[in-house]
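The block underneath contains the structure these notes are about, expressed in structure tokens.
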Ligand code: TEU
């Protein structure tokens, strides 16, 4: 039986606002994406995850949807969308849409109705409660603002928003909400899309009584309370219903952004019940934060190895990624950007260690060029609601300094600067004024320059993807950890029907000794620098894939 298509293909995440502008307004758009599809094909990817393109006031850059069945004006029209889908399919590339149904925009018709009166039929589409002693209904903190509640003067009640006040949470307990969502998803499937990436899907069900959180109070005394909104029992009921109503009988896939998932509860989502096909877990993304997303401690290789081994052991099929539109740039975060040589070598090393594991790779746009964090210096240069809210809360110089350190290292705008296509005007992204600043290093980190350089990060990604695509053992083989005690080298074997590959990646800036010579493991089939088969060591950031002959 052929494997599910989403296991065999490499995904590429497009952040449309920053990918390619075709209209000259400084904002990427659908026709821009269409003009770059041959580039995606040349990379070898087989599916695109498209960040939200629905009509939105962009309080959270499209993750606040005003109309689920209209394309954002700046991005184009539904005709452009249909053309994009056709053009992708004609190149044998699948399209997976990003869908945000934990919340909508406060400008969505449902919410406009809902807040218009307590009796409105849409009132129960959202989560409204009376206040307690003139304060919020409970003490929950939101991801983006101190309190998860906002007061509505007109109707004298509070509404829940786990994200910004412009992102009210939908009430999944209301069957009408669920029916509307399923019908909408089915209309997109009928249009031809191949799947959905479901935004923060693990928080759609809330504890019915909305009890106070008991954790440590944060800003304003509010408590971040995932124990009452993540992985609630009803979540599984809703996901099974969604599976039945939308996915059964179609060869479409569902990947969940499963915030708060653990190796213990993951199989409740992707195991036999098959509520989701794939899940995104964030253990690697969270490992350098020490409890706060804004901290940035240096990469701890043994801890990384532990996370990789734990997840390879926990579920049958992982998603493999090191970044996305919410995260800083991969090579700035986990590699070494101190010199051009190490930047290049470490970018290739990180890709090798991640994308040859058992699972489905997800590459974030520009990562394949080795794009880096951007040198933001002023508030005016920032666009992200999360960063701007953080700065707005700062009292005094010390807090501001700390916030800026966090924004530079971890801020989401790092991943959202325009794609670097060429050394020409605005990196070839737009003829107009870009909506967010360009990273000035586009003069030398760009697709055009890298395309013609055989040693570039881009051409390495092409070779890596081609190798994976063509090698059954790297697609479907077992995964086995090697050198578990080694503190610098990530090493593993992939094996299928007697074919064996070994992946060795020195993820440190120092040479690493090995307990064998390279030739003992076979012939190199991919490497990021010349290697000596008689050596029993790896250079800093050296990556090597060997095939046992
Ligand atoms: O992110 C969900 C999420 O859990 C966030 O806390 C994420 O970890 C955070 O952005 C990190 O700084 C999703 C989307 O990917 C994100 O872009 C949206 O802002 C968010 O949901 C709300 O829809």
Kindly express, to the nearest 10 degrees and within the range 0 to 90, the angle between helix 457-470's C-alpha long axis and the longest C-alpha principal axis of the chain. 90 degrees
In units of 2.2 N^0.38 Å, what is the alpha-carbon radius of gyration of the stretch 77-209? 1.24
Residue 497-residue 4 FRET efficiency (beta carbon distance; Förster radius 22 Å; 0.05 resolution): 0.65
Rg [Å, one decimal], Dmax [Å, integer] - the stretch 1-157, C-alpha atoms: 19.8, 62
Taking 0.36 nm per intervening residue step and subtracting the Cα-Cα distance, what contour gain separates residue 397 from residue 251 on full extension? 47.1 nm
Assuming R0 = 25 Å, what is the FRET efficiency of residue 423 and residue 340, from their Cβ-Cβ distance, to the nearest 0.05? 0.95
Per its Cα gyration tensor (rounded if a/c is under 1.5, else prolate when a/b beats b/c, else oblate), the stretch 170-311 is best filed as oblate
Dividing the convex hull volume of the alpha carbon atoms of the stretch 11-66 by its residue count, what do you get in Å³ per residue? 78 Å³
If 505, 51, 246, 394 are placed from fewest to most neighbouring beta carbons inside 10 Å, the sequence is 394, 246, 51, 505
Rg from C-alpha atoms of the stretch 368-504, normalised by the globular rule of thumb 2.2 N^0.38 Å, equals 1.45
Give the percent of DSSP beta bridges with both residues in the chain that are antiparallel, rounded to the nearest 5. 60 percent
Helix axis angle, 175-191 relative to the chain longest principal axis, alpha carbon, degrees: 40 degrees
Sorted peptide list for 275-288, 322-335, criterion being average Cβ within 10 angstrom, highest first: 322-335, 275-288
Starting from the Cα of residue 381, move 7 Å in the Cα-to-Cβ direction to define the label point; list residues of the stretch 274-304 whose amide nitrogen is under 14 Å from there. none
Would you mind computing, in nm to one decimal, how far apart the modelled labels at residue 184 and residue 109 are, each placed 7 Å from Cα along Cα→Cβ? 1.1 nm
Distance in nm between pseudo-label sites at residue 517 and residue 38 (7 Å out along the Cβ direction from Cα): 4.7 nm
Could you work out how much longer the chain between residue 173 and residue 310 gets when fully extended? Use 0.36 nm per residue separation minus the Cα distance between them, nm to one decimal. 45.9 nm
Using the basic label-point model (7 angstrom from Cα toward the beta carbon), what is the residue 237 to residue 470 distance in nanometres? 5.2 nm
Provide, for q = 0.08, 0.10, 0.12 Å⁻¹, the log10 of I(q)/I(0) from a solvent-free Debye sum over equal Cα point scatterers in the chain. -0.53, -0.84, -1.23
Give me the Debye-computed log₁₀ of I(q)/I(0) at q = 0.14 Å⁻¹ for the stretch 177-243, equal point scatterers on Cα only, no solvent, two decimals. -0.56
Cα-based Rg and Dmax for the stretch 460-549, in Å, come out at 12.5, 36
Under the classification rounded if a/c is under 1.5, otherwise prolate if a/b is larger than b/c and oblate if not, where does the stretch 455-505 fall, given a ≥ b ≥ c as square roots of the Cα gyration tensor eigenvalues? oblate
P(r) for the stretch 311-449, please, calculated from all Cα pair distances in 5 Å bins and given in %. 2, 10, 17, 19, 18, 15, 10, 7, 3, 0
Answer check: the stretch 236-290, Cα atoms, Kirkwood Rh, Rg/Rh ratio of 1.05
Cα pair distances in the stretch 108-157, grouped into 5 Å bins until the bin that holds the longest one, percent each: 5, 21, 26, 22, 19, 7, 0
Using 0.36 nm times the number of residues separating residue 443 and residue 300, minus their current alpha carbon distance, what extension gain do you get? 48.3 nm
Taking the stretch 50-141, the whole-percent share of alpha-carbon pairs separated by over 21 angstrom is 49 percent
Using alpha-carbon positions, the gyration tensor of the stretch 262-306 gives root eigenvalues a ≥ b ≥ c; with a/c under 1.5 called rounded, otherwise prolate if a/b exceeds b/c, else oblate, the class is prolate
For residue 79, project a label point 7 Å along Cα to C-beta. Then give me every residue of the stretch 168-196 with its amide nitrogen under 14 Å of that point. none
Packing-based exposure ordering (other Cβ within 10 Å, fewest first) of 166, 547, 41: 41, 547, 166
Please give the helix 340-355 orientation as an angle from the longest Cα principal axis of the chain, in degrees from 0 to 90, rounded to the nearest 10. 70 degrees
To one decimal place, what orientation-averaged projected area in nm² is obtained for the convex hull of the Cα set of the stretch 290-330? 3.7 nm²
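Bear in mind these aren't lab numbers, they're just calculated from the coordinates by the rules spelled out. For clarity, every value in this text was computed on a predicted model and none was experimentally measured. So basically every Cβ, Gly included, is an ideal-geometry build from the backbone, and we count neighbours across all protein chains shown.
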